[in-house]
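Enquirer: The structure follows.
FYI, it's all coordinate maths here, none of it is from the lab. Computed from a predicted structure; not experimentally measured. Cβ atoms come from the backbone with ideal geometry, glycine included; neighbour counts cover every protein chain shown.
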Amino acid sequence: MQLSLIAPTPLAYFSTLVQSDAHFPLLEAAISLGQDDYPELDMQQVLGEVDQLQARLQRRIPTDATPLHKLRMLSQFFYRDLKFGGNVNNYYDPDNSYISQMLHSRRGIPISLAVLWLELAQGLGLAAHGVGFPGHFMLKVTLPLGQVVIDPMSGQSLSRDDLLSMLEPHHGRASYPGWAEEAVPMGLYLQSASPRDIVARMLRNIKEIHKTQEDWPRLLAVQNRLLVLQPQAWDEHRDRGLTHAELGQIEQAVQDLEIYLFNVHEGVDVQAIAQRVAELRRN
């Protein structure tokens, strides 16, 4: 009997990682996103690099360190010693979303920086979580005396006033004439994001970049991952169908668009998508 030594495709490997919410390896799933652009990416090497950072940090932490002391040491290590930070000069470079590239450049965007920071924080035993804050991914850490909210771009802790200022363009006075800052349910915006939601947000960031650049093949690869991750995200079926159409893949386009139409009956674009399906069938 001959054993197959064929390695799984990047998409098949990703699928094995994201099957279960109970055992969802956030860091490994996030690293694997880089395999579409970097097929030679060595997952075990990247995981090993993160383990080395964790070991370096752990050696600096006294055995009797308090959670606050651990948090301060992590901030010193991550932002000052390793010099991780936001890539403000080239924010929309897809490499900012790839952990493997970020480990070398030390530059990323809030959510990719947060994923690596979370891995180190949780390795120290800190009660740290990601937060899907509108427009800007955040971190939060629960300490004995309260909760700290952190901007992963800089490591700075944020006050309620800081958060209100960041929230206002999305849900503030412009949207709600009766906006009252003291009545804003901040806890609603600071709920912990699940690992699945974090990876989905990372993918949608990359998706938007490829869509803006009309890079249809790379966009399709990202959309395939999104639908493996969230198979009932009907809008993603619609978007992938439109990408298939751009690539001239008519059968796949019709299939995805019809899935969208079957499951979404009152969407504002239902009529337009139905017309698009009719056009594709005629062609």
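Enquirer: Between R59 and A12, what is the FRET efficiency for a Förster distance of 41 Å, r being their Cβ-Cβ separation, to the nearest 0.05? Show your work: numbers first, answer last.
Expert: Values: r = 38 Å, r/R0 = 0.92.
Result of the calculation: an efficiency of 0.60.
Enquirer: Also, I was wondering about something else. Amide H neighbours of D93 under 5 Å, at least 5 residues apart or on other chains, H built in the peptide plane: list them.
Expert: none
Enquirer: Something else about it: Would you order F133, F24 from fewest to most other beta-carbon atoms within 10 Å of each residue's own beta-carbon? Intermediate values should be presented prior to the final figure.
Expert: Details: F133 22, F24 16.
The most exposed by this proxy come first: F24, F133.
Enquirer: Just tell me which lysines come within less than 24 Å, Cα to Cα, of K83; anything on the same chain fewer than 8 places away is out.
Expert: K70, K140
Enquirer: Could I ask something else about it? Within a 10 angstrom radius of the beta carbon, how do R196, R107 rank from fewest other beta carbons to most?
Expert: Numbers: R196 16, R107 21.
In order of increasing Cβ crowding within 10 Å: R196, R107.
Enquirer: Sticking with this structure for a sec: Stretched out fully, how many nm does the piece from R80 to T66 gain, at 0.36 nm a residue minus the Cα gap? Kindly include the intermediate steps, with their values, before the conclusion.
Expert: Numbers: separation 14, 0.36 × 14 = 5.04 nm, distance 2.06 nm.
Taking 0.36 nm per residue and subtracting the Cα distance, the gain is 3.0 nm.
Enquirer: Hey, in the GNM for the chain with a 10 angstrom Cα cutoff, which one of Q101, Q255, Q54 fluctuates hardest?
Expert: Q255
Enquirer: In addition: Can you tell me, using C-alpha contacts under 8 Å and at least 6 residues apart, the relative contact order of the range 195-282 as a whole percent? Walk me through the numbers before you get to the answer.
Expert: Values: 73 pairs, mean separation 18.4, N = 88.
Normalised by residue count, the contact order of the range 195-282 is 21 percent.
Enquirer: State to the nearest 20 debye the size of the charge dipole of the range 1-72 about its Cα centre, where the only charges are +1 on K and R beta carbons and -1 on D and E beta carbons. Walk me through the numbers before you get to the answer.
Expert: Working: 5 positive and 9 negative charges, 108 e Å.
Around 520 debye, computed over the range 1-72.
Enquirer: Between D93 and F262, what is the label-to-label distance in nm when each label sits 7 Å out along the Cα-to-Cβ direction?
Expert: 4.3
Enquirer: Among L103, P62, H23, which residue has its Cα positioned farthest towards the positive end of the charge dipole of the chain, with +1 placed on the Cβ of Lys and Arg, -1 on the Cβ of Asp and Glu, and the dipole taken about the Cα centre?
Expert: P62
Enquirer: Would you work out the relative contact order for the range 23-100, in percent, from Cα pairs under 8 angstrom that are 6 or more residues apart? Let's see the in-between values first.
Expert: Working: 27 pairs, mean separation 35.3, N = 78.
This gives 45 percent for the range 23-100.
Enquirer: Let me ask something else. With the cut-off at 1.5 for a/c, could you classify the range 195-282 from its C-alpha gyration tensor as rounded, prolate or oblate? Kindly include the intermediate steps, with their values, before the conclusion.
Expert: Details: a/c = 2.07, a/b = 1.37, b/c = 1.51.
Oblate shape, in that a/c is at least 1.5 and b/c is the bigger or equal ratio.
Enquirer: Pick out the long, greasy-scoring helices in the chain: whole DSSP H runs spanning 24 Å or more along their own axis by Cα, mean Kyte-Doolittle at least -1.0.
Expert: On the way: long enough: 43-60 (27 Å, -0.83); 195-212 (26 Å, -0.67).
Helices meeting the criterion: 43-60, 195-212.
Enquirer: Kindly rank 30-37, 118-125, 140-147, 79-86 from highest to lowest mean number of other beta carbons found within 10 Å of each residue. Working shown, then result.
Expert: Working: 30-37: 22.9, 118-125: 18.1, 140-147: 12.8, 79-86: 15.2.
Per-residue Cβ counts within 10 Å, averaged per peptide and sorted highest first, yield 30-37, 118-125, 79-86, 140-147.
Enquirer: For the ranges 6-19, 237-250, what's the packing order if you count other beta-carbon atoms within 10 Å of each residue, average per peptide, and put the highest first? Walk me through the intermediate numbers first.
Expert: Numbers: 6-19: 14.0, 237-250: 19.5.
Highest mean packing first, the order is 237-250, 6-19.
Enquirer: Kindly identify the chain as rounded, prolate or oblate by the Cα gyration tensor criterion: order the square roots of the eigenvalues as a ≥ b ≥ c, call it rounded if a/c is under 1.5, otherwise compare a/b with b/c, prolate if a/b is larger, else oblate. Before the final figure, lay out the partial values.
Expert: Numbers: a/c = 2.27, a/b = 1.34, b/c = 1.69.
Oblate, because a/c is 1.5 or more while a/b does not exceed b/c.
Enquirer: In percent, how large is the relative contact order of the chain, given Cα pairs closer than 8 Å and 6 or more residues apart?
Expert: Details: 312 pairs, mean separation 41.2, N = 283.
Computed over the chain, the figure is 15 percent.
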